[in-house]
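Let me begin by presenting the structure, written as C-alpha coordinates, before commenting on it.
The values are calculated or read from the model by the stated rules, or taken from the named source; none is laboratory data. Remember, predicted model here, so these are calculated numbers, not experimental data. All Cβ positions, even for glycine, are placed from backbone atoms using ideal geometry, and neighbour counts span all protein chains on display. These accessible areas exclude ligands, DNA and RNA; they are computed on the full protein's heavy atoms, side chains included. Shrake-Rupley method; radii C 1.70, N 1.55, O 1.52, S 1.80 Å.
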Amino acid sequence: MKQHPRNKSKMYKVVIAMVVFLLLAWVAFRIFGKNSEPLLSRDQATLAVLSEYPGKVDSLKLQAGAYIAVLQTEQGRYELKLDGVTGEILSIVLLKRVDEPAVQPTSAATPAPSGGADATPSPAPTPAAQSVVSEAEAVRLALREVPGELDDVDTGIDAAGAYYLVEIHTSDGREAVVQVNAISGHIMSVTWEEPDGDDS
(Lines give C-alpha, C1' and ligand atoms only; values in the text may rest on other atoms or scores of the structure.)
Protein backbone atom coordinates (compact mmCIF):
# COMPACT_ATOMS: atom_id res chain seq x y z
CA MET A 1 0.00 0.00 0.00
CA LYS A 2 2.84 2.40 0.78
CA GLN A 3 4.50 1.82 -2.61
CA HIS A 4 1.43 2.84 -4.55
CA PRO A 5 1.60 6.51 -3.39
CA ARG A 6 5.36 6.50 -4.06
CA ASN A 7 4.82 5.31 -7.60
CA LYS A 8 2.17 7.98 -8.04
CA SER A 9 4.57 10.60 -6.65
CA LYS A 10 7.34 9.44 -9.02
CA MET A 11 4.95 9.62 -11.94
CA TYR A 12 3.97 13.20 -11.02
CA LYS A 13 7.64 14.17 -10.77
CA VAL A 14 8.37 12.66 -14.19
CA VAL A 15 5.38 14.42 -15.75
CA ILE A 16 6.35 17.76 -14.15
CA ALA A 17 9.96 17.31 -15.31
CA MET A 18 8.79 16.61 -18.87
CA VAL A 19 6.48 19.65 -18.86
CA VAL A 20 9.32 21.87 -17.59
CA PHE A 21 11.69 20.45 -20.22
CA LEU A 22 9.18 21.01 -23.05
CA LEU A 23 8.47 24.53 -21.82
CA LEU A 24 12.20 25.36 -21.73
CA ALA A 25 12.67 23.86 -25.19
CA TRP A 26 9.79 25.96 -26.53
CA VAL A 27 11.21 29.16 -24.97
CA ALA A 28 14.67 28.40 -26.38
CA PHE A 29 13.18 27.82 -29.82
CA ARG A 30 11.27 31.14 -29.66
CA ILE A 31 14.40 33.03 -28.62
CA PHE A 32 17.01 31.35 -30.80
CA GLY A 33 14.75 30.22 -33.64
CA LYS A 34 14.53 33.76 -35.01
CA ASN A 35 18.29 33.88 -35.43
CA SER A 36 18.30 30.59 -37.32
CA GLU A 37 16.51 32.06 -40.36
CA PRO A 38 18.70 31.60 -43.42
CA LEU A 39 20.85 34.54 -44.46
CA LEU A 40 20.63 35.96 -47.95
CA SER A 41 23.31 34.82 -50.35
CA ARG A 42 25.78 37.40 -51.65
CA ASP A 43 23.90 37.47 -54.98
CA GLN A 44 20.57 38.02 -53.22
CA ALA A 45 22.04 40.83 -51.11
CA THR A 46 23.50 42.46 -54.22
CA LEU A 47 20.10 42.25 -55.96
CA ALA A 48 18.43 43.77 -52.89
CA VAL A 49 20.74 46.80 -53.14
CA LEU A 50 20.39 47.19 -56.91
CA SER A 51 16.60 46.86 -56.78
CA GLU A 52 16.52 49.95 -54.54
CA TYR A 53 19.38 51.98 -55.99
CA PRO A 54 20.81 51.91 -59.51
CA GLY A 55 24.57 51.60 -59.68
CA LYS A 56 27.36 49.08 -59.22
CA VAL A 57 28.12 47.18 -56.01
CA ASP A 58 31.91 47.44 -55.61
CA SER A 59 32.18 45.32 -52.46
CA LEU A 60 29.94 43.30 -50.19
CA LYS A 61 30.86 41.73 -46.86
CA LEU A 62 28.91 39.94 -44.12
CA GLN A 63 29.38 41.42 -40.66
CA ALA A 64 27.44 40.36 -37.53
CA GLY A 65 24.43 39.12 -39.48
CA ALA A 66 24.27 42.18 -41.74
CA TYR A 67 25.72 42.87 -45.18
CA ILE A 68 27.85 45.98 -45.70
CA ALA A 69 27.83 47.06 -49.35
CA VAL A 70 29.78 49.79 -51.11
CA LEU A 71 27.69 51.16 -53.98
CA GLN A 72 28.92 53.40 -56.79
CA THR A 73 26.14 55.53 -58.34
CA GLU A 74 26.06 58.53 -60.65
CA GLN A 75 25.77 60.73 -57.55
CA GLY A 76 28.63 59.23 -55.59
CA ARG A 77 29.96 56.33 -53.54
CA TYR A 78 27.79 55.07 -50.66
CA GLU A 79 28.08 52.51 -47.89
CA LEU A 80 24.85 50.62 -47.20
CA LYS A 81 24.00 48.29 -44.34
CA LEU A 82 21.43 45.56 -45.10
CA ASP A 83 19.60 43.15 -42.84
CA GLY A 84 21.23 39.79 -43.59
CA VAL A 85 17.92 37.90 -43.55
CA THR A 86 15.38 40.28 -45.15
CA GLY A 87 17.66 42.44 -47.31
CA GLU A 88 16.07 45.59 -45.86
CA ILE A 89 18.40 48.59 -46.09
CA LEU A 90 19.12 49.71 -42.53
CA SER A 91 21.39 52.68 -43.23
CA ILE A 92 23.11 54.54 -46.03
CA VAL A 93 26.14 56.79 -45.72
CA LEU A 94 27.69 58.94 -48.43
CA LEU A 95 31.41 58.18 -48.74
CA LYS A 96 32.27 60.49 -51.68
CA ARG A 97 30.24 62.63 -54.07
CA VAL A 98 30.99 62.29 -57.78
CA ASP A 99 31.07 66.04 -58.35
CA GLU A 100 33.93 66.53 -55.87
CA PRO A 101 36.78 67.62 -58.11
CA ALA A 102 40.15 66.06 -57.52
CA VAL A 103 41.98 69.33 -58.24
CA GLN A 104 45.32 69.64 -56.53
CA PRO A 105 46.77 73.12 -56.04
CA THR A 106 49.87 73.72 -58.13
CA SER A 107 52.95 75.28 -56.66
CA ALA A 108 53.79 77.31 -59.77
CA ALA A 109 51.38 80.15 -60.47
CA THR A 110 50.04 80.27 -64.00
CA PRO A 111 50.30 83.63 -65.66
CA ALA A 112 47.06 85.59 -65.78
CA PRO A 113 45.73 86.11 -69.29
CA SER A 114 45.73 89.66 -70.52
CA GLY A 115 42.37 91.24 -71.08
CA GLY A 116 41.26 92.01 -67.53
CA ALA A 117 37.48 91.43 -67.45
CA ASP A 118 37.64 88.62 -70.03
CA ALA A 119 39.76 86.46 -67.72
CA THR A 120 38.00 83.31 -66.53
CA PRO A 121 37.75 83.05 -62.77
CA SER A 122 39.22 80.00 -61.11
CA PRO A 123 36.70 77.63 -59.54
CA ALA A 124 35.97 78.07 -55.85
CA PRO A 125 37.51 75.40 -53.64
CA THR A 126 35.14 72.73 -52.38
CA PRO A 127 35.34 71.17 -48.94
CA ALA A 128 37.34 67.94 -48.90
CA ALA A 129 34.82 66.02 -46.80
CA GLN A 130 31.09 66.54 -46.59
CA SER A 131 29.22 65.79 -43.43
CA VAL A 132 26.26 63.47 -43.71
CA VAL A 133 23.06 64.11 -41.76
CA SER A 134 22.31 61.20 -39.41
CA GLU A 135 18.86 59.64 -39.27
CA ALA A 136 18.30 61.10 -35.79
CA GLU A 137 19.23 64.59 -37.05
CA ALA A 138 16.91 64.20 -40.07
CA VAL A 139 14.06 63.26 -37.71
CA ARG A 140 14.80 66.31 -35.53
CA LEU A 141 14.78 68.62 -38.57
CA ALA A 142 11.56 67.08 -39.91
CA LEU A 143 9.80 67.41 -36.55
CA ARG A 144 10.90 71.05 -36.37
CA GLU A 145 9.25 71.59 -39.78
CA VAL A 146 6.09 69.56 -38.97
CA PRO A 147 5.47 69.06 -35.23
CA GLY A 148 3.94 65.70 -34.35
CA GLU A 149 4.81 62.09 -33.61
CA LEU A 150 7.38 60.12 -35.62
CA ASP A 151 5.90 57.16 -37.54
CA ASP A 152 8.65 55.89 -39.86
CA VAL A 153 11.92 56.84 -41.58
CA ASP A 154 13.07 55.61 -45.02
CA THR A 155 16.07 56.50 -47.17
CA GLY A 156 16.41 57.01 -50.91
CA ILE A 157 18.63 58.33 -53.68
CA ASP A 158 17.58 60.29 -56.76
CA ALA A 159 19.28 62.65 -59.20
CA ALA A 160 19.68 65.23 -56.41
CA GLY A 161 21.42 62.73 -54.11
CA ALA A 162 20.53 60.87 -50.91
CA TYR A 163 17.56 61.84 -48.78
CA TYR A 164 15.42 60.72 -45.84
CA LEU A 165 11.63 60.38 -45.93
CA VAL A 166 10.29 61.05 -42.43
CA GLU A 167 6.64 60.16 -41.80
CA ILE A 168 4.97 62.19 -39.05
CA HIS A 169 1.50 61.91 -37.47
CA THR A 170 0.22 65.33 -36.44
CA SER A 171 -2.04 66.04 -33.45
CA ASP A 172 -4.97 66.82 -35.79
CA GLY A 173 -4.89 63.27 -37.25
CA ARG A 174 -3.09 64.06 -40.52
CA GLU A 175 0.09 62.44 -41.80
CA ALA A 176 2.98 64.28 -43.43
CA VAL A 177 5.99 62.90 -45.26
CA VAL A 178 8.98 65.25 -44.93
CA GLN A 179 11.86 64.79 -47.40
CA VAL A 180 15.18 65.81 -45.81
CA ASN A 181 18.40 66.11 -47.82
CA ALA A 182 20.86 63.61 -46.31
CA ILE A 183 23.84 65.86 -47.04
CA SER A 184 22.69 69.41 -46.28
CA GLY A 185 19.77 68.73 -43.95
CA HIS A 186 17.53 71.06 -45.98
CA ILE A 187 13.82 70.24 -46.12
CA MET A 188 13.26 69.27 -49.76
CA SER A 189 9.48 68.81 -49.59
CA VAL A 190 6.51 68.19 -47.30
CA THR A 191 3.72 65.97 -48.63
CA TRP A 192 0.41 65.72 -46.79
CA GLU A 193 -1.40 62.41 -47.03
CA GLU A 194 -5.16 62.10 -46.92
CA PRO A 195 -6.54 60.73 -43.62
CA ASP A 196 -7.79 57.11 -43.72
CA GLY A 197 -11.26 57.89 -42.39
CA ASP A 198 -13.47 60.97 -42.65
CA ASP A 199 -14.66 62.04 -39.18
CA SER A 200 -16.88 64.86 -40.44
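Every condition in (1) of a type outside the set (Lys, Arg); (2) open to solvent by less than 70 Å² (accessible area, probe 1.4 Å); (3) on the phi > 0 side of the Ramachandran plot holds for Ala64 except the one numbered (2). Of the strands (runs of 3 or more DSSP E) contained entirely in region 16-126, those carrying at least 3 residues that are at pLDDT below 85 fall at 89-97.
Checked against the criteria, Val132 does not count as modelled with pLDDT of 85 or more and either buried (at least 16 other Cβ atoms within 10 Å of the Cβ) or touching a Leu at 6+ places or on another chain (Cβ under 8 Å) (or both). Under the condition of being assigned to a loop (DSSP other than H, G, I, E, B) and surrounded by fewer than 17 Cβ atoms within 10 Å (Cβ to Cβ), the residues counted in region 149-184 number 8. Scanning region 185-198 for residues being over 19 Å from Leu94 (Cα atoms) and surrounded by 13 or more Cβ atoms within 10 Å (Cβ to Cβ) gives a total of 1.
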